[in-house]
Amino acid sequence: MSPTDRTDALAGTLQEPRRRRVTSHRAIVEAATSLAARHGYNAVTIEAIAAKAGVGKQTIYRWWPGKAALYAEVYGQLAAPEALRADTGTLAGDLKRLLLSLFRIYDATPAKEILAGLVAEAQSDPAALVALRERLAWPRRDLLLDAVTRGRGRGELRPGIEPEAIVDVLSGAIWFRLLLGHAPLDQHYATQLVRLVSP
């Protein structure tokens, strides 16, 4: 075997475990997503995810300390900040585009059920609370805050209203409907929310 062949063989040997890790990671995330869509967050177990993904439980725990952390990553992929970011040149335009993008994701994926499950679990599980805050809430809150801060710079906020207060109002309004399910998160609601905060 030539030196080049030996180098290629070694590179292939080193890459194989990495390929297996990437494949297993993807299978776990896909299994968790599928099970949440079918059964809801609360009914899904790590054992069920491992079985569907074709891996051992320890493989899951190697990457995530628990179910909440795993589903925080799943939500992060389904409702990625990059898919929600908007800069239309107006506060109303930015907020409406962001909200409609988020609501479409909630309609098409189990992201809404995952978020509701994590919020419920976070009330009694400190690890779930950390996952909810650090991986889900803060990055998306920052998107809203950026949009509102840009609007303030353009003179689009009512005098005396702080951007953080607007972000809390919008986030709370979304979570209220998401958790109680008493009314839809739809285009009409997005329009109403924008009108509340954008003169």
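The values are calculated or read from the model by the stated rules, or taken from the named source; none is laboratory data. Owing to the predicted nature of the structure, the values given are computational and were not obtained by experimental measurement. Ideal geometry is used to build each Cβ from the backbone, glycine not excepted, and the neighbour counts take in all protein chains shown.
Taken over region 119-137, the criterion of being out of contact with any Phe, Trp or Tyr (no Cβ under 6 Å at 6 or more places or on another chain) and either aromatic (Phe, Trp, Tyr) or under 21 Å from Ala173 (Cβ atoms) (or both) is satisfied by Val119, Ala120, Ala122, Gln123, Leu132, Arg133, Ala137. The residues in region 160-179 that are without any contact (Cβ under 8 Å) to a residue 24 or more places away in the chain and under 19 Å from the mean Cα position of the chain (by Cα) can be counted, and the count is 5.
Of the helices (runs of 4 or more DSSP H) lying entirely inside region 52-131, those containing at least 2 residues that are more than 27 Å from Val22 (Cα to Cα) and in contact with a helix residue (DSSP H, G or I) (Cβ under 9 Å, 6 or more places away or on another chain) are 91-108, 111-122.
Screening the candidates Tyr61, Tyr41 for the property of being modelled with pLDDT of 95 or more, aromatic (Phe, Trp, Tyr) and either over 17 Å from Leu132 (Cα atoms) or exposed (fewer than 14 other Cβ atoms within 10 Å of the Cβ) (or both) yields one hit, Tyr61.
Filtered by the rule that a residue be closer than 16 Å to Leu102 by Cα and not acidic (Asp, Glu), region 136-168 gives Leu136, Ala137, Trp138, Pro139, Arg140, Arg141, Leu143, Leu144, Leu145, Ala147, Val167. If you go through region 108-126 and keep only what is surrounded by fewer than 16 Cβ atoms within 10 Å (Cβ to Cβ) and more than 14 Å from the chain's Cα centre (by Cα), you end up with Ala120, Gln123, Ser124, Pro126. How many of the residues making up region 68-101 are farther than 19 Å from Glu134 by Cβ and at pLDDT 95 or above? Number satisfying all stated conditions: 14.
When only residues in region 129-152 that are more than 12 Å from Asp94 (Cβ to Cβ) and small (Gly, Ala, Ser) count, which is surrounded by the fewest Cβ atoms within 10 Å (Cβ to Cβ)? The extreme case among them is Ala137. Report whether or not Tyr71 is surrounded by 15 or more Cβ atoms within 10 Å (Cβ to Cβ) and either in contact with an Asp or Glu (Cβ under 8 Å, 6 or more places away or on another chain) or of a type in the set (S, T, N, Q) (or both). For Tyr71, the condition - surrounded by 15 or more Cβ atoms within 10 Å (Cβ to Cβ) and either in contact with an Asp or Glu (Cβ under 8 Å, 6 or more places away or on another chain) or of a type in the set (S, T, N, Q) (or both) - is not met.
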